[in-house]
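The structure appears right after this line, and notes come after that.
The values are calculated or read from the model by the stated rules, or taken from the named source; none is laboratory data. Nothing here was measured: the structure is a model prediction, and the numbers come from that model. Don't worry about glycine lacking a Cβ; one is built from the backbone with ideal geometry, like all the others, and counts go over all protein chains shown. The accessibility values were calculated without ligands, DNA or RNA, using every heavy atom of the protein model including side chains. Shrake-Rupley method; radii C 1.70, N 1.55, O 1.52, S 1.80 Å.
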Amino acid sequence: MRSEWRTPAVAVAATGAAGLVLVAALRFGQAVDDTVLPGIPSAGAVTEWTLPVLTTLSRVLGVLTAGVTVTAAFLLPGDGPSVAAHGWLLLRRATWLALGWAATTIALVVFTVSDVLAVPVGQLSRPAVLSFALSISQGQALLLQAGLACAVAVLSRCGVSRSLAAVTAVLAAVAVLPPVFTGHASGAGNHQIAVSSLALHVLAATLWVGGLAGLLLVRRHRRFAETAARYSRLALACFTMTAISGTVSAAVRVGSWQALAGSRYGVLVLLKVLALLLVGVLGAAHRRRTLPALRSGRRGSFLRLAAGELVVLGAAIGLAVGLSRSPTPVPQELVEPDPLVELLGFAQPGPPTATRMLGDPLPDMFFLTVVVAGILAYLAGVLRMRRAGHPWPVARTASFLAGMLLLGAVTGLGVARYAYVLFSVHMVQHMVLSMAVPILLVGGAPVTLALRALRRPGDPQVRGAREWLLTVLHSRPLRVLSHPLVALGIYVASLYGLYLSDLLGTLMRSHLGHLAMLGHFVLAGYLLFWVLIGVDPGRRRVHPAMLVVVHFLAMVAHAFFGFVLLQSTTVIAAGWYTAVHPPWAEPLLADQHLGASLAWAFGEIPAVVIMLLLVRQWIRSDEREQARVDRAADRAEADGAEDDLARYNAFLAAASAPSSQPGSSQPEDRN
């Protein structure tokens, strides 16, 4: 490595590129305007320019925090259960980066209030700032981000465990997402795909840029070549996700090809695409030329190319902030906004038909990504097993693929539209996601396939995907969660807690809340049925008789839940369903009773299937135990020794025989 190469110089260059591009993008995209029109209030030039600068600084600090923690936890070799010396240093740097991120985000709250109220910062009142931070979704998102950043700062100082470092890295990556759900995408039509695509775009870009920055910080590590190779695989996945999600997100905002070339916003999008392509070319050069050179000990070309890549990515961040502040072409075409479109993200659907339920899709980028990635990963595992000469049951493959396709259908086809406006369809969606989908996924035994198909790293100090999976399977939290009664409690709580409180209406009004709710349905159902009928390692070994009892309790709780809804005279989530109730639909209470009937009826077939499987497991368990006893008896007979069963029979015979101890006497026969 050449002595003149320095990390601070690269950081200054990348930050400078981000700043220059930000200023140019704000000017070109008309995000700032120095003229004050009569009758239109303005917060002043200080707020107009400081707000995007703080936004850029917050994003840069968030990217760096996530990058250094991910590098410390997942890219660098460890030292047994602890992070190595370089990882420890990265966690120490993450502390100050996270604290700076939190402070910048708090300042961003103040300047955002100034921008929204069109009041200079010096004239803001404390109640106005607190009200915005605690009551408005945008302020709540920024406040949540600041809190998560503080949590990352605390966790980075709590220890040197690799598992703790992994939790810190995941939390730092999650912390970049809250403001995404309150930006341009959340207010656009079809915000289901707009918000999810933007969230995936931001997350992938964060791991990509932050990982590169973290990589450059450990350039003196003796195993830097292997670390760079692991980052290269991560960067390729992030590049793919950034390109796909960015294309979808831009398509929602731009609206048409004419707007792409005929609007200032579209020109900025094209410039961002060019930056992405340039970085992709640099990444390809890394994989083909500089990584082999790095393995041979020549670091100079790799580091120079990585520094140039980081500068281009810094410019891309400046473009992204400029885009977030620039007006999009789509809202300008809306003359009379529809309140329902703003609330739902789509126009109110017509009366339900089979064609509309299945042929009018409402794709969500999050679940679409989960489905596609899950199917591709599973098939890749099956292919690797077959190439190694280890066949994988076709029934398991069919079960898993059916579960994934059903998950995509229920969350992305027309049924997803009607689930927003009709309680009955929402209940069908809930039952499918919490029962049918988990049963099919559990039947595919994905954990077993992953443990068999994933390769072990050549370095024992490196934790690959297989090692992290084993760590999770052997962890204490999973040990607690996999207890049958705990899994049952989580499943039942998702029924009663959601519908017998105001939680459903709250979650339906937020896209993030809606995603969390649907995800919880799948995870809670998967946990329960994994405990009951799963074959993957990691679950508790429980006698099938106990599992039959747990499943019976789940059936009773499910049936009682349906009975309670059928007898209820109170509309669940009345505020939400009143606002979105279609004129062609039945009254709210009648639709709710229909949903209760469907929930009651839907659970019967899966419940019977699971009960039959459990009884079958019980019978097989008894047969295996009897076979074990018979084998032990045969071995004992062949060796001329008594087996356990013979000794037990002798014990019973001795216990039932009359007492024959010395000195004992039989009672006299008086007759």
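Which percent of the accessible area of the range 374-448 is formed by carbon and sulfur heavy atoms (probe 1.4 angstrom)? Numbers along the way, then the final one.
Working: 1880 of 2540 Å².
Exposed carbon and sulfur together represent 74 percent of the surface.
Could you calculate the FRET efficiency of ARG384 with VAL116 from 1/(1 + (r/R0)^6), where r is the beta carbon distance between them and R0 is 60 Å, rounded to 0.05? Taking R0 as 60 Å, the efficiency between ARG384 and VAL116 is 0.70. Per-residue surface analysis assigns ARG230 an accessible area of about 40 Å², computed on protein heavy atoms at 1.4 Å probe radius.
Placing a pseudo-label 7 Å from each Cα along the Cα-to-Cβ vector at ARG466 and ARG452 gives an inter-label distance of 1.3 nm. Here is the tail figure for the range 104-195: Cα pairs spaced more than 19 Å apart come to 51 percent of all pairs.
Maximal additional length on extending the SER510-ARG616 stretch stands at 33.8 nm, based on 0.36 nm per residue less the C-alpha distance.
Rounded, prolate or oblate, given the Cα gyration tensor of the range 52-152, with a/c below 1.5 counting as rounded? Prolate shape, in that a/c is at least 1.5 and a/b is the bigger ratio. Rolling a 1.4 Å probe over the protein chains gives LEU594 an accessible area of about 80 Å².
Using a 1.4 Å probe and counting only protein heavy atoms, arrange ASP502, ASP79 so the residue with the most accessible area comes first.
Values: ASP502 130, ASP79 100 Å².
Result, largest first: ASP502, ASP79.
Between ALA229 and LEU343, the modelled labels are 5.7 nm apart [label points 7 Å from Cα along Cα→Cβ]. If R0 is 30 Å, the Cβ-Cβ spacing of ARG220 and ALA285 corresponds to a FRET efficiency of close to 0.85. Summed over the residues of the range 377-460 and divided among them, the accessible surface reaches 39 Å² per residue at a probe radius of 1.4 Å.
Centre-to-centre separation between the Cα atoms of the range 372-387 and those of the range 534-583: 33 Å.
What does the charge add up to near SER156, with Lys and Arg as +1, Asp and Glu as -1, over the other residues with Cβ less than 15 Å from its Cβ?
Details: positive: ARG92, ARG93, ARG157, ARG162; negative: none.
Overall, the nearby charge balance is +4.
Here the gap between VAL154 and GLU604, fully extended at 0.36 nm per residue and compared with their Cα-Cα distance, gives a gain of 157.2 nm.
For the pair ALA354 and LEU566, label points projected 7 Å from Cα toward Cβ lie 2.8 nm apart. Per-residue extension of 0.36 nm, minus the Cα-Cα distance of ALA398 and LEU553, leaves a gain of 52.8 nm for this segment.
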